[in-house]
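The structure appears right after this line, and notes come after that.
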Amino acid sequence: MINKDSLLAKIWPKVKKLSPQEGIILTTYKRNRSLTIIRLDETKFLFQEQGYENRKIIVKEAEFKRTIKKILKVEFPRSHKIRIYPLREETFLQDVKKI
């Protein structure tokens, strides 16, 4: 679990190293809200929110930090610790390939 204040500094190096179609999942302590980040190609990411908002957003690498800060305020407003998991679900990744 990572402190929300230092989350961006911790995940940005991990996200930059992801290959296309790989991703990570950020969840709250209770695991009732999540943000899935998947690298689509060298310059685009897919953000899938599940919680207060249920939507998918395609974000360019230049907009990554600004967008994730906005999403964290919406999805994790009172959370102080965030869980990080690697994305390993093949069925989920097959749906991403259709995008």
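Just so it is clear, none of the values below were taken in a lab; they were calculated from the coordinates. Note that the structure is a prediction, hence the values are computed from the model and not measured. FYI the Cβ positions are ideal-geometry reconstructions off the backbone, even for glycines, and counts take in every protein chain you see.
Scanning the chain for trypsin sites (Lys or Arg not before Pro) in DSSP loops with at most 14 neighbouring Cβ atoms within 10 Å leaves 32-77 as the longest stretch between them. Here P(r) over Cα pairs in 10 Å bins from 0, in percent was calculated from the structure, and among (i) 14, 47, 30, 8, 0; (ii) 15, 55, 29, 1; (iii) 16, 41, 29, 13, 1 it sits at label (ii). Charged neighbours of Asn54, selected by a Cβ distance under 13 Å, balance to 0 (K, R count +1; D, E count -1). With θ taken as phi - 60° and the Karplus curve 6.51 cos²θ - 1.76 cosθ + 1.60 applied, the whole-hertz 3J(HN,Hα) list for segment 69-75 is 4, 5, 5, 4, 5, 7, 7 Hz, x standing for glycine and proline.
The calculated 222 nm mean residue ellipticity attributable to helices in the chain amounts to -9500 deg cm²/dmol, summing -39500 (n - 2.57) over DSSP H runs of n ≥ 4 and dividing by all residues. The chymotrypsin sites (Phe, Trp or Tyr not before Pro) of segment 2-78 meeting both criteria, a DSSP state outside H, G, I, E and B (loop) and at most 14 other C-beta atoms within 10 angstrom of the site's C-beta, are Tyr29, Tyr52.
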